[in-house]
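We did not get these values from a lab; they are worked out from the coordinates using the rules stated. All values reported here derive from a predicted model rather than from experimental measurement. Reconstructed Cβ throughout: ideal geometry from the backbone, glycine too, with neighbour counts over all protein chains shown.
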């Protein structure tokens, strides 16, 4: 059944504010490059989509963080749409993670200025917790798409390490002017190698392994090691 817009609102039949938020998020990002993560960006996105401005404003009443959150959330399903299940299944785990991260970056690529502005907001101390949550969510989406089913300690360490890698890679990405983002791809490849090395080392640890391994020290090396 094809959804039809509700008269005078621009909303599809049965479309909720959550649905609308995800639908408008990429358009908000496109306008955020010029207007910042602001009410103006939401208003322009609403006009682009033929949605009532007041309803769009209600969908993003959480301000810039709600806009950024929705944009990043909209990348999850778009990332999955780029890969047939059999394509990912035929890859080694390292290749899956790399391909999925690169797919996310290509989805963000048309709006790098919006991403730069989003990063400027997320690095503010008062948003540190929210930024960490968004990084964790992205890492979780990637690991799940890669077929990870861990529910124990591995579940958390995998997402923590990949979240740090993803955040560091995006910092390189927004300023990468090399052809086809070659510098970002090389940076990512080195960090993925770090994850794989860590996973192999972790597999060799037994007993109270968490007493012998420092997660903060490892994440620090991942993020700040020379490019």
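The angle between the Cα long axis of helix 64-81 and the longest principal axis of the Cα atoms of the chain comes to about 70 degrees, rounded to the nearest 10.
Report, in degrees rounded to the nearest 10, the 0 to 90 angle that the Cα long axis of helix 39-49 makes with the longest principal axis of the chain. That helix lies at roughly 70 degrees to the long axis.
Once divided by 2.2 N^0.38 Å, the Cα radius of gyration of segment 48-171 becomes 1.14. Take 162-172, 12-22, 136-146 and order them by the average number of nearby Cβ atoms within 10 Å per residue, most first; the result is 162-172, 136-146, 12-22. Note on the chain: helix-only mean residue ellipticity at 222 nm, from DSSP H runs of 4+ residues weighted -39500 (n - 2.57) and normalised by residue number, equals -22500 deg cm²/dmol. For the pair segment 146-170 and segment 61-130, the centres of their Cα atoms are 14 angstrom apart. Counting only alpha carbon atoms, the long axis of helix 17-35 and the longest principal axis of the chain meet at about 90°.
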